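Just so you know, all these numbers are worked out from the coordinates, no wet-lab data involved. All figures in this text were calculated on a predicted structure; none of them were measured in a lab. Virtual Cβ from ideal backbone geometry, glycine too; neighbours counted across all protein chains shown.
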Amino acid sequence: MRNKRLIILLSVLGGLVLLVILMSAIFTVYHIEARCVSLHSPSSEEEIAAVNEQVIAAAEDFKYGSIFLYDEEELMRTVDERVVRAEAVSVVSVFPNTVRVEYEYVEDDIQIALPDGGYVIAGSSGKITRKSDTDVTGDDSSVAAVTPSETPVSSEPGRYLYDEGSFDLTALDTLIDYAEALHPQSDPGGSVFLNAYRSIDLSAGKRGTIEVEIAGGFRFTLYCRLEGSFTDRNELEAAVKAMVEFYYDNNGSPEFEGGSATVNYSQSIGKYVAAYNGGN
């Protein structure tokens, strides 16, 4: 009887060990996938495909471990550090043995002149994509020339212009990403402000004034209300919304070419509004 119980116990333990081995093999990460989740033009497909391969290569060290045990945050950091044109936004476990990295493609959005000559190009998040000996802004470019209020802490591709939480980083992200995310009521899927900036002057932003020039030469001056500050993202979003709505409502009208407008907080109606100042 005792031997029979021992045999049963050993059989159960052996079955459990075999099950663990089989489960470990089944749920081992053998495949890494990459998926770009940001909007991009069809002309960028070749570049996106190249970045996909770079993301997969960057995540190679996370293969052959348990799909239940890998560190998602570490995987995202690794992709951000190793792939210049990608910012990981999420990691998805595709059972039983695949991990998919979802990322946003880092466009060339802004340019800052370096003190020792040349320029550094970055996305709206401040992630640096490349350096250039020549000015890449202009009428035919989607890159905006930025006058910063702070000296960048880095100029190396793959790094960030500023530390997280800095004024310039928050302001640029708000001015570009928030503006481009606004859609006309007639077309909820279409941006009203995509690639509209020519220049952005943040030098007085901490004191409540930001100046921007739109492609085509029209200029806006954004003034923060006295009790607020453009270091408050919500305050800046409200001002940008008024600017974009004004631009969209009047875009294409000859009288607004080369002119200017100011954006101020109206106490009477309780929100920011833009007022046309006339032509140059």
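Send over the Kirkwood Rh of the range 129-280, from the inverse of the averaged 1/r over different Cα pairs, rounded to one decimal Å.
Values: mean 1/r = 0.0618 Å⁻¹.
Evaluated over the range 129-280, this radius sits at 16.2 Å.
Taking the alpha-carbon set of the range 57-96, what are its Rg and Dmax in Å?
Radius of gyration, then largest Cα-Cα span, for the range 57-96: 10.2, 30 Å.
Using a 10 Å cut-off on Cβ atoms, rank the peptides 104-116, 263-275 from the highest mean neighbour count down. Intermediate values should be presented prior to the final figure.
Values: 104-116: 17.8, 263-275: 14.3.
Those peptides, ordered most packed to least, come out 104-116, 263-275.
Translational D (Stokes-Einstein, µm²/s) of the range 78-185 at 4 °C and 1.567 mPa s when Rh comes from the Kirkwood sum over C-alpha pairs?
Values: Rh = 15.0 Å.
The diffusion coefficient I find is 86 µm²/s.
Which one of 199, 165, 147 has its Cα pushed farthest toward the positive end of the charge dipole of the chain, where Lys and Arg give +1 and Asp and Glu give -1 at the Cβ?
Final value for the positive-end residue is 165.
Sort 72-80, 46-54 by packing, meaning the average of other beta carbons within 10 Å per residue, with the highest value first. Numbers along the way, then the final one.
On the way: 72-80: 16.6, 46-54: 14.1.
Top to bottom by mean Cβ count within 10 Å: 72-80, 46-54.
Let me see the P(r) profile for the range 31-105: every Cα-Cα distance counted, bins of 5 Å, each bin given as a percent of all pairs.
Going out from 0 Å in 5 Å bins, the range 31-105 shows 3, 18, 31, 24, 14, 7, 2, 0 percent.
Starting from the eigenvalues of the Cα gyration tensor, five times each then square-rooted, give me the equivalent ellipsoid semi-axes of the range 176-236, largest first, whole Å. Intermediate values should be presented prior to the final figure.
On the way: eigenvalues 107, 48, 15 Å².
Result for the range 176-236: semi-axes of 23, 15, 9 Å.
Sorted by mean Cβ packing within 10 Å, highest first, what order do the peptides 32-40, 171-179 take? Provide the component values of the computation, followed by the final result.
Values: 32-40: 15.8, 171-179: 21.8.
Ranked from most to least packed, the peptides come out as 171-179, 32-40.
Report P(r) for the range 109-156: all Cα-Cα distances, bin width 10 Å, range 0 to the bin holding the largest distance, values in whole percent.
Taking all Cα pairs of the range 109-156, the binned fractions are 28, 63, 9 percent.
In which sequence would 183, 31 go, from the one with the fewest C-beta neighbours within 10 Å to the one with the most? The partial results should precede the final answer.
On the way: 183 14, 31 11.
In increasing order of surrounding Cβ atoms, one gets 31, 183.
Trypsin sites (Lys or Arg not before Pro) within the range 136-242: which are DSSP loop residues with at most 14 other Cβ atoms inside 10 Å?
Details: sites: 159, 198, 206, 207, 219, 225, 233, 241; in loops: 159, 225.
Here no loop site has a sparse enough neighbourhood.
Can you check how the C-alpha radius of gyration of the chain compares to 2.2 N^0.38 Å, as a plain ratio?
Values: Rg = 25.6 Å, N = 280, 2.2 N^0.38 = 18.7 Å.
Taking the Cα Rg and dividing by 2.2 N^0.38 Å, one obtains 1.37.
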